[in-house]
Amino acid sequence: MDKSLARLLKDSDEASADKKKAASEAARAALAIAGKMKIEEQKHFAGQTISVVRSVAKSSAEAQQAAAKASEAAKQSELDKIVSELKNPKKSMSAVEKSSHDWDQFKEEKGIGDQLEAYAKDGYVEKQQFLQRVEERQFEAGRAERERARAMADAAAAAAKKR
């Protein structure tokens with residue numbers, strides 16, 4: 001059972017066993033709907049067939065297309081599968097896509113994806129964006145000061161003309 005679900009059920013001591021069971025089933029159903037599924041595609045790269053596995057949300061259009069394709073493939077005979085492969089050749093993969101796929105595989109194997117995301121917050125781009133925001137704020141503050149000084153000078157000039 002999911003830890004968060006167990007904690008939720010543990011916190012509600014007043015709930016009866018039936019209510020706990022119903023809440024448990026509802027939570028599992030929600031997790032199943034909102035979860036992710038893996039889509040596997042075969043692509044050609046450098047004369048080899050590469051299996052590419054991607055994780056997508058179950059509610060996405062890609063997941064629904066993959067499920068429809070899988071159910072259609074299950075209904076096909078071997079001859080139909082061969083004919084469909086001849087009609088729809090496997091997609092080719094560029095070197096950039098292959099590099100990206102290899103990097104994603106490496107991150108998954110080593111389990112370093114979360115660490116990289118945490119450290120990316122301190123990355124070069126974020127620092128540059130921060131410095132840009134600071135510079136804009138300083139410019140705005142300087143502009144407001146210049147406008148205030150100009151208004152004071154105009155008021156002093158108007159007062160001098162009146163004398």
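Whole percent per 5 Å bin, from 0 to the bin with the longest distance: what is P(r) over all C-alpha pairs of segment 36-120? Each 5 Å bin holds this share of Cα pairs: 3, 12, 15, 20, 20, 16, 8, 4, 2, 1, 0.
Most tightly packed first, judged by the mean number of other beta-carbon atoms within 10 Å of their residues, the peptides 155-163, 83-91 read 83-91, 155-163.
Peptides 35-41, 123-129 ranked from most to least packed by the mean count of surrounding Cβ atoms within 10 Å: 35-41, 123-129. Kirkwood hydrodynamic radius computed over segment 80-123 comes to 13.2 Å, based on all pairs of distinct alpha carbons.
Database remark: amide H of His44 closer than 5 angstrom to the amide H of Ile50, Lys91, Ser92, Met93 (H placed geometrically; neighbours at sequence offset of 5 or more, or on other chains; Pro and chain starts carry no H).
Extents of segment 109-154, largest first, come to 69, 11, 7 Å (Cα atoms, principal axes, whole angstrom). Pairs of C-alpha atoms in segment 66-163 farther apart than 24 Å represent 68 percent of all such pairs.
Every read-out reported here was derived from the displayed coordinates using simple, explicitly stated rules and does not represent laboratory data. For clarity, every value in this text was computed on a predicted model and none was experimentally measured. Neighbour counts run over all protein chains shown; Cβ positions are idealised from the backbone, glycine included.
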